[in-house]
Structure formats: structure tokens, C-alpha cells
1. Would you check which residues across segment 237-262 are of a type in the set (D, E) and under 16 Å from K209 (Cα atoms) and list them?
2. Residue check: is G207 in contact (Cβ under 8 Å) with a residue 24 or more places away in the chain and at positive phi?
3. Based on what the data block shows, is Y157 under 24 Å from V88 (Cβ atoms), surrounded by fewer than 21 Cβ atoms within 10 Å (Cβ to Cβ) and among the hydroxyl-bearing types (S, T, Y)?
4. Going residue by residue through segment 161-169, is there one that turns out to be under 19 Å from M14 (Cβ atoms) and either without any contact (Cβ under 8 Å) to a residue 40 or more places away in the chain or of a type in the set (V, I, T) (or both)?
5. V225 fails exactly one of the following numbered conditions: (1) in contact with a Leu (Cβ under 7 Å, 6 or more places away or on another chain); (2) modelled with pLDDT of 95 or more. What is the number of that condition?
Amino acid sequence: MKIEFIGKSLLIEMGNEKVLVVGDLHLGYEGSLHESGYNVPINLYKETIKDFDKIFDYIRNNKKVKLSKQTVGEVGLDDNNLRSGGVVDKVVILGDLKHEFGKILKDEWKEISDLLDYLKEKCKKIIIVKGNHDVIIEPITKKKKVGVLDYWIYHNYCFLHGDRDFSDIYDREIKYWIIGHGHPAISLRDKVKTEKYKCFLVGKYKGKKVIIVPSFFHVTEGSDVRDYDLGLAWNFELKKFGVKIVGENLEVLDFGELRKLR
């Protein structure tokens, strides 16, 4: 098995199967601003699709794209159908697909529907892990025939939003926790300025390898892990976690342990 950091996403290769993981898209954020009286024409959905396009183009151009036999069985397609489309086998969204808590905004309905249609052209199965912002999301996902789970265990991986704990995820067969929710970022300072960057955090907890994924959200980089509680359900010793900073052109740079950064 292999894990590759590609921009704000993870690509996990499980044998011949490829699973793309992203977290915290907060679709409909602009609509929420408009409802609050702010007219900010930033077109976040268009930027989100641009980011996905770059990631899928990278995978298509740098990987031998051959969807697994297991996926063929799951979706009932033959090899000819698989060869005609698809970039990865599965896409996992680690929660907070939508932004508004207690209702579905018109913009959320359209953007989530459009995104799921877009992703169906890139993969054969979409898994949505329920985030704390996804209280009311099933009316959209059911219409698109996409399931929503509290967590998803697949092979020796467990995919979680990160705001809730579950007893099943401590099974000894599970080696990896892949987590969203925290919107981790890191601020790098020099004598002139401070710049904040999205980042992955990679560490261990109770025998599991933990990867905390940055948000896919455009408006903010996230919360500097040295200044803010990320609101996760576990008391991780984050200062011992490795920091991988999201750079330009899908680069992800290893900056070593958090406690050694200044």
C-alpha cells in the first residue's frame, strides 16, 4: 500500500486500487454569506472544480490508471466500460461537504449535486463521511444515490471526520486513521512577514498511524496548530506530529516535526 500527498488531497494505492481522499469542502459558503447580507462574488465552486481538475490531471498523467477488479464487481461494469472513463476507483470525502448547519441552501443543493455528478465521471464510487456541518445532507445524497456514513473502514484504513469517536475504529486490524475536521495550517515567519499554509499532520496514536488532512476550502488556510485547538475528538500529542505543507502546483513539502518548527 502507498500513500501519496497531492496538493490538498491524499491518493492511497491499495494494490491496483486507487482511492482519492479530500476533506472539508464547505460547499454553499457563498450562499450562506449572501443570506447574511454579504455579496461577495468569489465563485468558490468554480475554484473547487479547478483544484479537482489539477489533481485528476496529475493522477491521469503520472499513474497507470487501471481500475481494480474489485470495483468492477461493486458497480457491475465490465472492463470495456472501465477503460472508457474513470481516473480513480473511489473518492472519499471526509465530511463537511456542505457549510450551513440546520438547512439546505439553494446554492448548497446545486453545488453538491453538480460536484457529485462531476466526481461520478472521475471514479466508480463516492463515499461521504458525515461531518458536523452535514446535519441535513441526505435529501441531496439520496437523490444522487450516494451513501453517507459515520465512518468508513476499508482494508486496514479508517476514514473519519474527526469530531466524534467510535469504538470500532480501535480494532487491531486498522492501521491508519485518515481524519478531516481540523483544518490544520501552519504559519511560517521570517523577519519581514508571516505566511500561513495548509498542511497535513502525520503522527501516531494508540498504535495507529494518523493523518489529519487539510481542508479543501478556499476562503481560509485553516487554524495554526500551535495557536488553536483543532477540535478533534482525541487528545493527540500534535507537537510530535510531522508537518507536510501544501505548496504550489500540488507540491507537498516535508517540514519535520511540529515541535521543531519556529
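The values are calculated or read from the model by the stated rules, or taken from the named source; none is laboratory data. A quick note: this is a predicted structure, and the numbers were derived from the prediction, not measured. Note that we place each Cβ from the backbone using ideal geometry, even for glycine, and neighbour counts take in every protein chain shown.
1. To start, the set of residues in segment 237-262 that are of a type in the set (D, E) comprises 237, 248, 251, 254, 257.
Correct list: E237, E257.
2. yes
3. No, not satisfied.
4. Within segment 161-169, one or more residues are under 19 Å from M14 (Cβ atoms) and either without any contact (Cβ under 8 Å) to a residue 40 or more places away in the chain or of a type in the set (V, I, T) (or both).
5. So the condition that V225 fails would be (2).
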